[in-house]
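The values are calculated or read from the model by the stated rules, or taken from the named source; none is laboratory data. The structure displayed is predicted, hence computed values, not measured ones. Neighbour counts run over all protein chains shown; Cβ positions are idealised from the backbone, glycine included.
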Amino acid sequence: MAFRDLIGNEPVKRALQMAVREGRLGHSLLFSGPEGVGKRQFALALAKTINCPHARREPLPDSCDACPSCRKFDRGEHMDFSLIRPETAFLKIEQIRVLCEHAHRKPFEARRRIFLIDGAEAMTEQAANALLKTLEEPPAESLLILLTDQPTRLLPTIRSRCQIYYFAPLRTAEIERFLRERFTRPEEEVRLLARLASGRIGKALSIDLSVYREMRHEILELLAVLAAGDRVRLIKAAEYLGRRLDREDFERRLEILEQVLSDLLRLHLGVEEVVNADVAPRLTALAAFFPPPRLMRLAEKFAALRRDLWRNLNRQLALEALFLSEAPSP
């Protein structure tokens, strides 16, 4: 993608393009913002623009997005582009040492060598200190771009030596427009994906709606059983959710459950726009059994359950206790 194809964060886009045009782009940049809002695509667009031999200059600098150089960047095959990301839970000092060594070499074919550190917050203390030396004496022909969604985990000395660009979640309308322009989907699916994305285009692109709808159906059925107070079926549901599902699938269902509860509260508050608008009739029917105080109580209990997962609690027993405490008396 070129800058002109990126969506959202227009102030950041303009600031980067102006910095390129006026020669104010630093040697070390920090892109900070939630995961999935487009930081990587912005970094790639910047790398391509800097090194594109046919880049346009007006009204603002942008790559041609078609020359051999741009296509190599898109494929991750450009000899002057390096992507560094954690191989395990951490970015290790060995990875940063290799980066620093290569950063002091001249470009093979481009104007500047680009080093993209994805997940910069994962650097070990030793790795961060190794990188700091390069940031203090930056090579003239290299550009380091650090991406993070947790900037406070970076050393203050690293943050202070970078030009920082802050990325915000995208508006729902921006994600809808992006999906309409690039994919052939029913309008109902476009609206649902955009609302499920929570401002993150990366999340919108990763959601499998068929899987999501299947899980959501389970959650709606669970709430219907809870509303009816069918204790036998609630115990069976606790067994299925708590024992038969692995933790990842269990957490995905918890996330959907929390979203549905939020939609039910929106209906009570008279908010017209709900995330799961495609099942609005079912939500309306359920809302009659879940007044706001009950919804808030349920949300708090499920949030506490999610927080306690790290303790390896018995999910089945925890769910049984939760369901039976919320089931209406026979």
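How many residues, within the stretch 52-68, are in contact (Cβ under 8 Å) with a residue 40 or more places away in the chain and of a type in the set (D, E, K, R)? Before you say what the answer is, go through the steps one by one.
Step one: filter the stretch 52-68 for residues in contact (Cβ under 8 Å) with a residue 40 or more places away in the chain, giving 60-65.
From what is left, the residues that are of a type in the set (D, E, K, R) are 62, 65.
Of the residues in that region, 2 qualify.
Using beta carbons and a limit of 7 Å, which pairs, at least six apart or on different chains, have the first residue in the stretch 155-169 and crowded, with 18+ Cβ neighbours inside 10 Å and the second one among the charged types (D, E, K, R) and assigned to a loop (DSSP other than H, G, I, E, B)? Filtered contacts from the stretch 155-169: Pro169/Arg200. If you go through the stretch 4-51, how many residues are outside any helix (DSSP H, G or I), crowded, with 17+ Cβ neighbours inside 10 Å and free of Cβ contacts under 8 Å to residues at least 40 places away in the same chain? Residues meeting the conditions: 1.
Restricting attention to the stretch 160-180, the residues that are over 16 Å from the mean Cα position of the chain (by Cα) and hydroxyl-bearing (Ser, Thr, Tyr) add up to 2.
I'd like to verify a number: residues in the stretch 186-210 that are among the charged types (D, E, K, R) and under 16 Å from Ile256 (Cβ atoms), how many? Let's see the steps before the verdict.
Narrowing the stretch 186-210 to residues among the charged types (D, E, K, R): 187-189, 191, 195, 200, 203, 208.
Among the residues that remain, those that are also under 16 Å from Ile256 (Cβ atoms) are: 195, 203, 208.
Counting residues in the stretch 186-210 that are among the charged types (D, E, K, R) and under 16 Å from Ile256 (Cβ atoms) gives 3.
Applying the set (1) assigned to a strand (DSSP E or B); (2) closer than 18 Å to Ser32 by Cβ to Glu121 leaves exactly one unmet item: (1). With respect to the conditions (1) in the same structural domain as Leu91 (by TED's automatic domain parsing); (2) in a loop (DSSP other than H, G, I, E, B), Thr152 lacks only one, and its number is (2).
Evaluate the stretch 169-187: report whether one residue or more is of a type in the set (Gly, Ala, Ser) and either modelled with pLDDT of 95 or more or in contact with a His (Cβ under 9 Å, 6 or more places away or on another chain) (or both). I'd like the intermediate steps shown before the answer.
As a first pass, look at the stretch 169-187 and keep what is of a type in the set (Gly, Ala, Ser): 173.
Of the ones still in play, those that are also either modelled with pLDDT of 95 or more or in contact with a His (Cβ under 9 Å, 6 or more places away or on another chain) (or both) are none.
No - not one qualifying residue is present in the stretch 169-187.
Screening Tyr165 against (1) closer than 28 Å to Cys70 by Cβ; (2) out of contact with any Phe, Trp or Tyr (no Cβ under 7 Å at 6 or more places or on another chain); (3) of a type in the set (Ser, Thr, Tyr) leaves a single unmet condition, (2). Using the structure shown, decide if Glu251 is at negative phi and either in contact (Cβ under 8 Å) with a residue 12 or more places away in the chain or not assigned by TED's automatic domain parsing to the domain that holds Glu320 (or both). Against the criterion (at negative phi and either in contact (Cβ under 8 Å) with a residue 12 or more places away in the chain or not assigned by TED's automatic domain parsing to the domain that holds Glu320 (or both)), Glu251 qualifies. Considering Glu320, Glu326, the condition of being more than 23 Å from Arg266 (Cα to Cα) and in contact (Cβ under 8 Å) with a residue 60 or more places away in the chain is satisfied by Glu320 alone. Scanning the stretch 229-245 for residues that are under 33 Å from the mean Cα position of the chain (by Cα) and either of a type in the set (Gly, Ala, Ser) or surrounded by fewer than 17 Cβ atoms within 10 Å (Cβ to Cβ) (or both) yields Ala237, Ala238, Glu239, Tyr240, Gly242, Arg243, Arg244, Leu245. Taken over the stretch 158-178, the criterion of being of a type in the set (A, V, I, L, M) and either in a loop (DSSP other than H, G, I, E, B) or not assigned by TED's automatic domain parsing to the domain that holds Lys133 (or both) is satisfied by Ala168, Leu170, Ala173, Ile175. Answer yes or no as to whether Arg105 is in a loop (DSSP other than H, G, I, E, B), surrounded by fewer than 16 Cβ atoms within 10 Å (Cβ to Cβ), in the same structural domain as Glu141 (by TED's automatic domain parsing) and in contact (Cβ under 8 Å) with a residue 60 or more places away in the chain. Answer is no for this residue. The number of residues in the stretch 143-162 that are over 14 Å from Ala120 (Cα atoms) and in contact with a Phe, Trp or Tyr (Cβ under 6 Å, 6 or more places away or on another chain) comes to 0.
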